[in-house]
1. Using all Cα-Cα distances in the range 349-402, what percent lands in each 10 angstrom bin from 0 up to the longest?
2. Sort TYR234, TYR281 from largest to smallest accessible area, using a 1.4 Å probe on the heavy atoms of the protein chains.
3. Compute the projected area of the convex hull of the Cα atoms of the range 225-296, averaged over all viewing directions, and report it in nm² to one decimal place.
4. On alpha-carbon atoms, Rg over Rh for the chain using Kirkwood Rh?
5. Between ALA416 and ALA447, what's the calculated FRET efficiency when r is the beta-carbon distance and R0 is 25 Å? Round to 0.05.
6. In the chain, what % of DSSP beta bridges are antiparallel (nearest 5)?
7. GluC sites (Glu not before Pro) within the range 351-443: which are DSSP loop residues with at most 13 other Cβ atoms inside 10 Å?
8. Would you rank SER482, SER306 by solvent-accessible area, highest first, keeping every protein chain in place and using a 1.4 Å probe?
Amino acid sequence: MSEAYFTAPDRQMGEEDRIRLTSVGVDIGSSTSHLLFSRLELERQDNRYVTVSRTVLHESDILFTPYVDETTIDGAALGQFIHAQYEAAGLRREDVDTGALILTGVALLRENARAIADLFAEEAGKFVAVSAGDNLEATMAAHGSGAAERSAPGDQTILNVDVGGGTTKLAVCQAGRVDELAAIDVGARLVVVDESGTITRLEPAGREIGRAVGLDLRLGGRAAPEGLRAMAAYMADAVLQAIPGDGRAGPPASLLRTPALRYRGALDGITVSGGVSEFVYGRQGSGFGDLGHLLAAALRERLEASGIPLLEPAAGIRATVIGASQYTIQVSGSTIFVSPLDLLPLRNVPVIAPALPLDQTEFAAEAVQAAIEAALRRFDLADADSPVALAFPWQGSATYRRLHAFCEGAVAGMQASLRRGHPLVLVCDGDIGGLLGLHCRDDMGLALPVVSIDGIELREFDYIDIGNLIPTSGAVPVVIKSLVFPTAAPT
């Protein structure tokens, strides 16, 4: 069996049976930033590469994200931290083959995003960059904590509660999927004090929560320990109120960042992730001048009293450090449709895989549209600046009515992307790509650009590169960059 390292500039992946990747996951958020380095080994099985092992090479320190003012990240200090972590891992930038850069909270602000992009300019083309709003961050945390995987067997319903520095995200997981999401303004670093009790950081939500418990907080003022404990209790109550359950009124409307959860069924367990989880599960003892240890104690007390099993997560503070991205290679079928041909290649295209009604003999275009729009919202891709690939397993026959309902719903659901001039990108596992593309152009008379390929299996959190047509076969190579999550801890 031949073997090669992925860094070879003239590599031909089709000639390699085993590939080793060095990868890094980078999470830069409002409160903390950290990195995780991994070694991935992929082996050719049939016509695709499959990851056969993943080894963590180095977990970085946890850095409190540095600022030069209230909203501007200190790019120079962050760059020094990143450089130091590469050195601690014994790696040079050129040693890394691929990675995932996750930006959340204030890291998404225009000035910050530009500065952070400059820090990783030399990795351009290697890294998948994910800008995570509340919904996507909640989804990533649910997968990273293992809650989604844990819900896969039987009819388990698992709630993941991700408690970070600025926000708390909740995700209801069923059958291995994230079904519902919510976010509230509860976090450990809404208020930070120094050793004398002087307030050194105060977020608007922290000021509001302070008022709710009778405190008049201001930057440079003082906060007594009993006042901070009252705030932690108030926030823990708000989290519990946001958790589905009979008789719960829901959290204060002023703290809601998204609509409240609608799910009202039973929960088989709760996992807690995010920075505060380190205190909840006793992995961190000392505090950091913020509300983390107080909030964790109050939250654990309420969760234990709720009667819902508190489960150990696969990852806590690192749940949204996706670890690294992993390449998998597939080749599309030859019955594909690309118009115009100069659309290809496409790089770093995010994938949505909504639950479509394709198992039904007859379905409405509106149902397809609704499922797609829900998936775009869940991954914060409704206003994406790049094309988005719609992945689906085709089920049932390819009658005219079913093709038309699907294509009409897909075009309507992807309308926001299409209006920006992006192509309609359809990826299915069955031998139907060409039919779908032709239906859009000939039967519906649409002039929009279309890439419709088949014979490819994708899932949520994948990003894909679609290469140029292979002249001898009429197929296209597809590089799949999958985000890797830790395995869920046993129940």
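The values are calculated or read from the model by the stated rules, or taken from the named source; none is laboratory data. Treat the numbers as computed from the prediction; the structure is a model and nothing was measured. Here Cβ is always computed from backbone atoms with ideal geometry, including for glycine, and neighbour counts include all displayed protein chains. Remember, those area values only see protein heavy atoms, side chains included, never the ligands or the DNA or RNA. Shrake-Rupley method; radii C 1.70, N 1.55, O 1.52, S 1.80 Å.
1. Pairs per bin, as whole percents: 23, 49, 24, 4.
2. On the way: TYR234 65, TYR281 40 Å².
Ranked from most to least accessible, the order is TYR234, TYR281.
3. Working: hull surface 23.7 nm².
Dividing the Cα hull surface by four gives the mean projection, 5.9 nm².
4. Result: Rg/Rh = 0.99.
5. Working: r = 18 Å, r/R0 = 0.72.
About 0.90, to the nearest 0.05.
6. Working: 62 of 94 bridges.
Percentage antiparallel, nearest 5: 65.
7. Working: sites: GLU362, GLU366, GLU373, GLU408; in loops: GLU362.
Within the range 351-443, the qualifying GluC sites (Glu not before Pro) (loop, at most 13 other Cβ atoms within 10 Å) are GLU362.
8. Numbers: SER482 10, SER306 35 Å².
Listed by decreasing accessible area, they come as SER306, SER482.
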